[in-house]
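A quick write-up on the structure given underneath.
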Amino acid sequence: MSEVKRRDLLAGAAAFAGFATVGLLPGTAAAASRHRPGAVSAPSLGPGDKAVVAKVDAKRALKHLRVLSDDIGWRVCGTRQEHRAAKYAASVLRDLGYKVELQPLPVPDKKLAELRAGGAHWQSAAALRGGVGRVKGDIADLGTATEATADLTGKVALFTRVAGQEQAQAKSAAAKGARAVLIVNVRSTTYPERKAASFAPSLTEDVAIPVLGLAEYHGAELRKGVTRLSLEVTSLTGLTSYNVLASRKATLPNPDGKAVMISAHYDSVPGSPGGNDDGSGSALCLELARVLRHLPTQQDIRISLWGAEEIGLVGARHYVKGLDAAGVGQITGVFQNDMIATSHPPAGTYWLLSVDGKVNTTTAAITAAAERLGYTGQTKGPVARGSSDHEAFFERGIAAGNFSWRGEEAPSQLEPVYHTPEDTVAGNISLQRLQVSLELIGCAAYEVARHK
């Protein structure tokens with residue numbers, strides 16, 4: 001027997017002795033074999049599955065989610081809040097023993113507003129060609145008017161968005177003396193079930209006063225009787241976002257540096273605290289980092305949190321662009337988690353999404369894990385769909401899938417509060433769905449990582 005082979009065998013024996021210790025401590029074997037939450041049948045778990053489900057805990061993940069969504073809140077790419085979230089995740093991962101890198105990437109300039117009204121504190125997007133600064137004033141509600149005709153001196157004009165009329169609304173209000181313009185978004189005809197999010201009004205000419213694009217929720221709250229508000233618009237330039245990249249080496253010999261990646265984006269859109277989108281996926285990554293950190297594997301484990309996803313998958317594409325051919329070849333599968341814990345009742349299907357709709361390493365692993373855990377019939381796919389960070393990996397030929405809870409009929413059926421101020425932990429997170437997601441991703445990714 002060669003010395004190399006002897007070392008491999010000894011390393012393998014030591015690792016799997018550790019596996020037995022970690023996975024089968026007294027009391028954990030029975031817990032791991034219980035009927036899974038919401039499953040339609042009893043589990044039939046392998047040793048790797050037992051090691052994961054005995055340890056994974058949605059309540060632990062929820063603690064991370066509360067920090068991201070409740071404490072930090074809006075995590076718009078390039079802002080101080082997004083940086084706080086990146087540093088938090090990096091600190092958690094370092095404490096777990098992972099090697100962590102914050103990978104910087106440039107992101108576009110933007111204008112953001114903060115509003116205070118009737119004790120509420122909100123954020124919204126603002127028009128790039130609108131003004132900046134602080135404003136206080138009484139509200140003048142002009143409804144769906146496309147032009148201001150009355151005197152608005154010293155007031156804050158409140159409009160309902162009318163397609164193609166944002167410039168006319170803003171310009172006319174400024175001409176009538178308004179100190180700021182608030183334009184309340186309306187629902188799209190394509191997805192009328194979704195509440196309208198904050199937006200940056202599109203102006204064709206400069207307007208000297210602040211022009212904000214409010215979410216439907218903001219408008220409804222203001223129109224409940226708020227008569228006065230204050231706001232501040234800030235211009236943000238020279239912005240940098242960060243990818244949080246963490247890794248730990250395989251416990252068995254891995255000469256080719258093969259790696260399994262578990263990922264999510266941690267940024268949110270303006271005005272939204274990003275509870276389900278995608279604080280939930282980020283919290284899942286942090287909890288699985290804890291669960292997997294000491295388990296024996298034949299591949300490296302990578303935990304990646306992407307910045308700037310909400311403006312076009314910028315963080316993931318930046319990372320993938322930096323991979324050479326060897327780096328691409330090392331990644332055996334990317335398990336991308338986006339919106340994995342909504343409490344919205346119709347979102348009872350766990351979707352397996354690949355860009356081309358074909359089976360790959362990740363979708364096959366999830367399907368197999370669902371069968372072992374007893375979730376047969378509760379997952380659908382793979383179905384063709386991009387629009388999340390797995391798309392960047394697919395473009396380089398890397399096996400990748402996006403996994404999330406959505407409506408039963410189609411993966412386009414998202415919760416009504418998607419991208420809105422109401423995407424909060426208290427109002428839009430299911431602990432049971434979070435637990436199921438943790439178990440599915442944990443068991444699937446670990447099964448891949450256990451083999452070369």
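The values are calculated or read from the model by the stated rules, or taken from the named source; none is laboratory data. What you see is a predicted model; the values in this text were computed from it and never measured. Neighbour counts are summed over all protein chains in view; Cβ atoms, including those assigned to glycine, are modelled from backbone coordinates with ideal geometry. Ligands, DNA and RNA are excluded from the accessible area calculation, which covers all protein heavy atoms including side chains. Shrake-Rupley method; radii C 1.70, N 1.55, O 1.52, S 1.80 Å.
In the range 292-302, the residue that is nearest to L245 (Cα to Cα) out of those that are open to solvent by 10 Å² or more (accessible area, probe 1.4 Å) and part of a loop (DSSP other than H, G, I, E, B) is R293. With respect to V132, determine if the residue is touching a residue at least 40 places away in the same chain (Cβ under 8 Å), surrounded by 18 or more Cβ atoms within 10 Å (Cβ to Cβ) and more than 24 Å from P416 (Cα to Cα). In short, no.
Scanning the range 158-177 for residues that are surrounded by 15 or more Cβ atoms within 10 Å (Cβ to Cβ), out of contact with any Gly (no Cβ under 9 Å at 6 or more places or on another chain) and not in a loop (DSSP other than H, G, I, E, B) yields a total of 6. Scoring A208 on the criteria (1) open to solvent by 10 Å² or more (accessible area, probe 1.4 Å); (2) small (G, A, S); (3) within 25 Å of the chain's Cα centre (by Cα) leaves a single failure, condition (3).
Here's the yes/no breakdown for (1) open to solvent by less than 20 Å² (accessible area, probe 1.4 Å); (2) touching a Phe, Trp or Tyr at 6+ places or on another chain (Cβ under 7 Å):
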| residue | (1), (2) |
| --- | --- |
| R385 | no, no |
| E391 | no, no |
| R396 | no, no |
| P411 | yes, yes |
| E415 | yes, no |
| T420 | yes, yes |
| I429 | no, no |
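Just one of the numbered conditions (1) in a helix (DSSP H, G or I); (2) open to solvent by less than 10 Å² (accessible area, probe 1.4 Å); (3) in contact with a strand residue (DSSP E or B) (Cβ under 8 Å, 6 or more places away or on another chain) is not true of A369: (3).
Quickly run through the range 372-419 and pick out the residues that are of a type in the set (F, W, Y), under 23 Å from Q435 (Cβ atoms), touching a strand residue (DSSP E or B) at 6+ places or on another chain (Cβ under 8 Å) and at pLDDT 95 or above. Lay out the reasoning, then the answer.
Let us first name the residues in the range 372-419 that are of a type in the set (F, W, Y), namely 375, 393-394, 403, 405, 418.
Next, only the ones that are under 23 Å from Q435 (Cβ atoms) stay: 375, 403, 405, 418.
Keeping just the survivors that are touching a strand residue (DSSP E or B) at 6+ places or on another chain (Cβ under 8 Å) gives 375, 403, 405.
Listed by number, the residues that qualify are F403, W405.
Give the residue that is least open to solvent (accessible area, probe 1.4 Å), with candidates limited to residues of the range 346-366 that are in contact with a helix residue (DSSP H, G or I) (Cβ under 9 Å, 6 or more places away or on another chain) and in a loop (DSSP other than H, G, I, E, B). The residue in question is A347. Restricting the search to the range 96-110, which residues are among the charged types (D, E, K, R) and assigned to a loop (DSSP other than H, G, I, E, B)? Selection gives D109 alone. Within the set V260, V320, the sole residue that is farther than 21 Å from V92 by Cα and open to solvent by less than 10 Å² (accessible area, probe 1.4 Å) turns out to be V320. Of everything listed in (1) in contact with a Ser or Thr (Cβ under 8 Å, 6 or more places away or on another chain); (2) touching a residue at least 60 places away in the same chain (Cβ under 8 Å), the single unmet condition for G348 is (1).
Yes or no, residue by residue, for (1) under 31 Å from the mean Cα position of the chain (by Cα); (2) closer than 20 Å to S202 by Cβ; (3) in a strand (DSSP E or B):
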residue	(1), (2), (3)
L112	yes, yes, yes
W122	yes, no, yes
G131	yes, yes, no
D138	no, no, yes
L142	no, yes, yes
E147	no, yes, no
D151	no, no, no
G154	no, no, no
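State whether the residues of the range 86-101 include one that is farther than 30 Å from I366 by Cβ and at pLDDT below 85. Looking through the range 86-101, none of the residues is farther than 30 Å from I366 by Cβ and at pLDDT below 85. Tell me whether the range 440-452 contains one or more residues that are open to solvent by 20 Å² or more (accessible area, probe 1.4 Å), within 30 Å of A51 (Cβ to Cβ) and at pLDDT below 95. Looking through the range 440-452, at least one residue is open to solvent by 20 Å² or more (accessible area, probe 1.4 Å), within 30 Å of A51 (Cβ to Cβ) and at pLDDT below 95. In the range 69-83, the qualifying residues are those that are hydrophobic (A, V, I, L, M, F, W, C) and part of a loop (DSSP other than H, G, I, E, B), and the one that is most open to solvent (accessible area, probe 1.4 Å) is W74.
Exactly one residue out of V355, V417, V359, V383 is of a type in the set (V, I, T) and closer than 23 Å to A197 by Cα, and it is V417.
Got a sec? Which of A283, A289 is in contact (Cβ under 8 Å) with a residue 40 or more places away in the chain, among the aliphatic types (A, V, I, L, M), open to solvent by less than 10 Å² (accessible area, probe 1.4 Å) and touching a Phe, Trp or Tyr at 6+ places or on another chain (Cβ under 8 Å)? Within the list A283, A289, the selection yields A289.
Note on the range 303-345: residues that are under 20 Å from L65 (Cα atoms) and part of a strand (DSSP E or B) total 7.
Every test in (1) open to solvent by 40 Å² or more (accessible area, probe 1.4 Å); (2) on the phi < 0 side of the Ramachandran plot is passed by G238 save one, and that test is (2).
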